[in-house]
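Colleague: One structure follows; several queries about it will come next.
The values are calculated or read from the model by the stated rules, or taken from the named source; none is laboratory data. Predicted, not measured: the structure shown is a model, and the values here were computed from it. So basically every Cβ, Gly included, is an ideal-geometry build from the backbone, and we count neighbours across all protein chains shown.
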Amino acid sequence: MRAGRRLWLAIFLAPAVVLFAAFVTYPILSALAYSLYSWEGIGRRGFAGLANFIRLFTTFPYPRLLVGAFWHNVVVFGLTMLIQNITGLALALILARNPWGARAYRAIFFLPVTLSLVIVGFLWGLFLNPVFGVINKTLGMVGLGALARAWLGEPETALITLTLINAWRWVGFPTIVFLAGINAVPEDYLEAARLDGASEWDVTRRIIFPLLAPAVTIIVILTFIGSFNWFELPYVVQGVSGAPNRATDVLGLLFYRTAFGEVDTGLQDIGVGSAIAVLMFLMLVTVSTVGAVFLRRREVEMG
Amino acid sequence: MMRRLCTALIAVALFATFFPASVLGQEPVKLTFWSWRTEDKWVYDRMIRLFQTRNPGIKIEFIPFRAPEYATILSTGLTAGRGPDIIHLRAYGGLETFAAPGFIAPLDFEQVPELKRFPLQTIAGARSRKDGRIYGVPFATQTLVIFYNKKIFAQHNLTVPKTWDQFLTVMRTLKDKGVVPLANGGKEGWTLEVLSGVIAPNFYGGTTFFEAVTRGQTTFREPAYTNALAKMLELRPYMPTGFMGVDYATMQQMFINEQAAMFIGGSWEIGFFKAQNKNLEFGVFAAPPERADQIPWVSSYADGNYGINAKTPHMEAALKFIRFTATLEFGQMFTDLLAQMSAVPGVVVRNPQLQQVQAMNRKATPYIMLVGFRWQAPTGSTLLQSALQGMMAGTLTPAQVGEEVTRGLSSWIDAFRGR
Amino acid sequence: MSGRSRWTPLLQAILIANAFLVLAPMVFMGLSAFKTTREIFQHPLGLPTVWSLDNFSRVWVDARFALYIQNSVIVTAASVAIILFCGAMAGYALGRFRFRGNDFLYLYFLSGLMLPIRLAIIPLFILMRNLNLLDTLWSLILIYAASGLPSAIFILTGFFRTLPADLDSAARIDGASEWTIFTRVMLPLVRPALVIVTVYNLIPIWNDFFFPLVFIQSDHLKTLPLGMTAFFGQYYTDWATLFAGLTLAAVPVVALYVVLSQHFIRGLTAGAVKG
């Protein structure tokens, strides 16, 4: 019986363990190790210590590309928090009052989340075309022609425009998460406060916001991970070199380009590419771990 | 009984899916042919059909990719030990990056005797610097020019400008009349590199500068070069509104639909323009130099080569096709159908625009980054394309562009270091 | 409560405006798919003069859309099936059995929730090459299945733990085999969790572009998102066809969403919303 139970345990666990170890754990550990070797194309040569990192930090144009791309990720994170998540919060607060059509609105807002970023990217690329696109044409028609510009072509607006496209796709997500958080607030808290004569704003600020903290933490962490993993949208809309003049270059593109080759050459630099991956990896894991611990502690405090 | 029959049927179906007919019967050899020439697919399909009727045992599938992604996709495919059998390769450094690691099968005169008749200058684009061997059959030479819409020019009584100032005057006139003078945009960096390849040589001194800079006697910081780039800025008022967001497709659309009077690009456009709008009457001219008595420089280069994957299991069939691409018949068809200058010697040019281009080539200079500076990363083209986007958008000065390019190249060009 | 009614029109206005922002681009995309390119350029906002299906047929026949969709279906279905199968078994073992190393294994799988698997693309690429799986649908299926496991195990283990303890003991006393208990008694009870796991993985796998971009080179093996980029390269000046392609690519997911929106919303936010 004991032996039988063991055997069954093994049968139940083996497929998942094997699959996960082979295609997640092993590659990730290898990725860390790869950054310490020198590479010739895809062939691994000798142990190189920190040479790849030194090259990444000291050989022009790598350091500048790295800093530029990192900064753009930070900007994307900041703008997404400001635009997408605050909009999401506002929509959630409205929907929580259960206005007419709330269910339908909820479903509509969430719809773009299911669309492929490739579709979203190409679609908005066509809309934003300065000559034939519908956006500038519409602006012209309503008398705002002066606002029309090459949204994706100018270094000042390209990254913001991409972030807005991203927000269009994602805004339903924080909306639903916040909405779930608000709905979890016990109704009698709210009623009691209202009976005490608290205004709606006071109720929102004093009761709903504090209780929404776990949802906020989750959204912040997910936004962070999403922003620093950004790849599809800039790739599809702006191409692998982060046009114009690296204005939309992000770590994901830099990593892909370094590892798999620039536009005009197929030159691969696996060593430096791996070094970039390790840096991104450390950053993401640190932040999500700290975030998770933080989240846990808050939950305990409130529970 | 019924159940057994079903099982049998499913088994057969599975078998058929997993082991395509090749196991069951004599199937032709199937070759894949990758390319970045999405526009030319119809021509390649036609030539492949011709080849297949003569070689019934061979089937070829032409698969084009988006040009900006092509190098990366090819590189990934080849390192994966896969990739196509026949490869449309770029020339010079763009070929070297695939030839040097051994991805491409070297060719010799014994395998492809037709290559003997190609001029050395054309073959140069197919040669690896590493071992000096030839890695492909050159397919075309391209020249960078200015296209203009004859109808629009006639409507406004304009003639082809002979000097830079006349050029600017023509554009000003067009703009005043409400016509977009120039279709060019800056969303895709490579179209800006082409723009510089058209405009700049007259001002930096063409081949003299090319030789000096490739020998390391000067750098791209040289004022002659950066001042030449600065000339591009004078075109900005005549490009479409929001030109920084105008991509290649939009540029083409505008010129084809006669929404813009001129288009700065490469000779490869001729065929495409014709195919898209049969009523389009257009001519070509070389970028006008400072003074009327100067003969203008045009940038030209060997466009690329047809090569063979070193790992192809069908070497013999692939060689057959490669030899076919080196024949006069193929070259003539290529030039006739695509209106591009085939690299095969002896081809007769019948297309009037292409004849003009051919005449311009009497004073040709190598397309600077593509011929001279694509041998290692970061390539001159990568650096220049990004920096030019900055320059055209107004965030970099021409001098800063020269600085960027030189600094980037100095990571692999010793002569540039510390200069 | 009076405050509520006073604000109602404003709140409705905000909701309507936002719904418009979400829907307008999609409606516009759908309308453009029926127009000719010339019409799109000249009357971008108008209705099509003729409701022609030409663009769609061109996309379907010339652009191999049927093939791309078929590949996407195979990859998504196989990956989700493997995730459900392996995830349910592991979740059952971790949620219902006490054994040494249980906590360790659980945390080991959970670590996968935090590890950005895409950053391991270089080793994965080499691994797939060594396994001779590059440029096959298997390369995608395996990586999707493996990286989908942590969330599946997290969700399912939690569900199995909440089931009453005497359920399986009773069955065991009746002499049922472990396999029967698992498949006949336990699995049906966690069906809601299986639905969540399915949706949670289905959409990201269906939409993924990164792994096909690196792993797949052959045209006939491309999934829909990757095939889309090839399609855009080929028809880049033909906007009517492009819009038809985009519409066609969006239809499967949107249609499914319209039918199952509640499941989608719950499933896709499963990691972030409790319960």
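Colleague: Residues of the stretch B:371-387 being crowded, with 20+ Cβ neighbours inside 10 Å and at the interface with another protein chain (Cβ under 8 Å from one of its Cβ atoms), which ones?
Modeller: Result: B:Arg374, B:Ala377, B:Pro378, B:Thr379, B:Ser381, B:Thr382, B:Leu383, B:Gln385, B:Ser386, B:Ala387.
Here's the yes/no breakdown for (1) facing another protein chain (nearest Cβ under 9 Å); (2) small (Gly, Ala, Ser):
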residue	(1), (2)
A:Thr80	no, no
A:Gly88	no, yes
A:Trp100	yes, no
A:Arg103	yes, no
A:Leu126	yes, no
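Colleague: Residues that are among the β-branched types (Val, Ile, Thr) and within 30 Å of B:Leu280 (Cβ to Cβ): list the strands (runs of 3 or more DSSP E) wholly contained in the stretch B:81-192 that include at least 1 such residues. Show your work before the answer.
Modeller: Details: elements: B:86-90, B:137-149, B:180-182.
So the answer is B:137-149, B:180-182.
Colleague: Looking at this structure, is A:Leu211 more than 13 Å from chain B (Cβ to nearest Cβ) and within 30 Å of A:Ala292 (Cα to Cα)?
Modeller: Numbers: more than 13 Å from chain B (Cβ to nearest Cβ): yes; within 30 Å of A:Ala292 (Cα to Cα): yes.
So A:Leu211 fits the description; yes.
Quick grid of which residues meet (1) surrounded by fewer than 24 Cβ atoms within 10 Å (Cβ to Cβ); (2) among the β-branched types (Val, Ile, Thr); (3) within 14 Å of chain A (Cβ to nearest Cβ):
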site: B:Tyr248; (1), (2), (3): yes, no, yes
site: B:Gln253; (1), (2), (3): no, no, yes
site: B:Phe272; (1), (2), (3): yes, no, no
site: B:Phe282; (1), (2), (3): yes, no, no
site: B:Ala287; (1), (2), (3): no, no, no
site: B:Leu337; (1), (2), (3): yes, no, no
site: B:Gly346; (1), (2), (3): yes, no, no
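Colleague: Sticking with this structure for a sec: Take the stretch B:255-268 and flag every residue that is buried (at least 24 other Cβ atoms within 10 Å of the Cβ) and either among the polar types (S, T, N, Q) or modelled with pLDDT under 95 (or both).
Modeller: If the condition is that a residue be buried (at least 24 other Cβ atoms within 10 Å of the Cβ) and either among the polar types (S, T, N, Q) or modelled with pLDDT under 95 (or both), then B:Ser267 is the only one that fits.
Colleague: On to the next question. Looking at (1) within 14 Å of another protein chain (Cβ to nearest Cβ); (2) farther than 30 Å from B:Leu115 by Cβ; (3) among the charged types (D, E, K, R), can you tell me which one B:Asp303 breaks?
Modeller: Of (1) within 14 Å of another protein chain (Cβ to nearest Cβ); (2) farther than 30 Å from B:Leu115 by Cβ; (3) among the charged types (D, E, K, R), only one is false for B:Asp303: (2).
Colleague: Among the residues that make up the stretch A:155-165, is at least one of them at pLDDT below 95, crowded, with 23+ Cβ neighbours inside 10 Å and in contact with a Leu (Cβ under 6 Å, 6 or more places away or on another chain)?
Modeller: no
Colleague: Right, something else. So A:Phe132 fits all but one of (1) at the interface with another protein chain (Cβ under 7 Å from one of its Cβ atoms); (2) modelled with pLDDT of 95 or more; what number is the exception?
Modeller: In the conditions (1) at the interface with another protein chain (Cβ under 7 Å from one of its Cβ atoms); (2) modelled with pLDDT of 95 or more, A:Phe132 misses (2) alone.
Colleague: So which residues in the stretch A:178-192 are at pLDDT below 90 and crowded, with 16+ Cβ neighbours inside 10 Å, if there are any at all?
Modeller: Of everything in the stretch A:178-192, those that are at pLDDT below 90 and crowded, with 16+ Cβ neighbours inside 10 Å turn out to be A:Val185, A:Leu190.
Colleague: Contact list please: Cβ distance under 7 Å, first residue in the stretch B:91-104 and closer than 12 Å to B:Asn309 by Cα and in contact (Cβ under 8 Å) with a residue 12 or more places away in the chain, second residue assigned to a loop (DSSP other than H, G, I, E, B) and of a type in the set (S, T, N, Q), pairs at least six apart or on different chains.
Modeller: The qualifying pairs are B:Ala99/B:Ser128.
Colleague: Could you identify the single residue in B:Gln400, B:Gln385, B:Gln356 that is in a helix (DSSP H, G or I) and either under 18 Å from the mean Cα position of the chain (by Cα) or without any contact (Cβ under 8 Å) to a residue 12 or more places away in the chain (or both)? Steps first, please.
Modeller: Details: B:Gln400 fails: either under 18 Å from the mean Cα position of the chain (by Cα) or without any contact (Cβ under 8 Å) to a residue 12 or more places away in the chain (or both); B:Gln356 fails: either under 18 Å from the mean Cα position of the chain (by Cα) or without any contact (Cβ under 8 Å) to a residue 12 or more places away in the chain (or both).
Of B:Gln400, B:Gln385, B:Gln356, the one residue that is in a helix (DSSP H, G or I) and either under 18 Å from the mean Cα position of the chain (by Cα) or without any contact (Cβ under 8 Å) to a residue 12 or more places away in the chain (or both) is B:Gln385.
Colleague: Would you confirm whether any residue within the stretch C:225-235 is more than 9 Å from every other protein chain (Cβ to nearest Cβ) and farther than 30 Å from B:Phe272 by Cβ?
Modeller: no
Colleague: B:Ile295 is checked against (1) surrounded by fewer than 18 Cβ atoms within 10 Å (Cβ to Cβ); (2) part of a helix (DSSP H, G or I); (3) of a type in the set (Val, Ile, Thr) and fails just one. What number does that condition carry?
Modeller: The failed condition is (2).
Colleague: Looking at the stretch B:316-328, can you tell me whether even one residue there is assigned by TED's automatic domain parsing to the domain that holds B:Asp293, without any contact (Cβ under 8 Å) to a residue 60 or more places away in the chain and surrounded by fewer than 16 Cβ atoms within 10 Å (Cβ to Cβ)? Walk me through how you get there before you give the answer.
Modeller: Kept after step one, since they are assigned by TED's automatic domain parsing to the domain that holds B:Asp293, are these residues of the stretch B:316-328: none.
Scanning the stretch B:316-328 turns up no residue that is assigned by TED's automatic domain parsing to the domain that holds B:Asp293, without any contact (Cβ under 8 Å) to a residue 60 or more places away in the chain and surrounded by fewer than 16 Cβ atoms within 10 Å (Cβ to Cβ).
Colleague: I've got another one for you. Determine whether the stretch B:68-79 contains at least one residue that is assigned by TED's automatic domain parsing to the domain that holds B:Met315, touching a residue at least 24 places away in the same chain (Cβ under 8 Å) and surrounded by fewer than 22 Cβ atoms within 10 Å (Cβ to Cβ).
Modeller: Yes, that holds for at least one residue.
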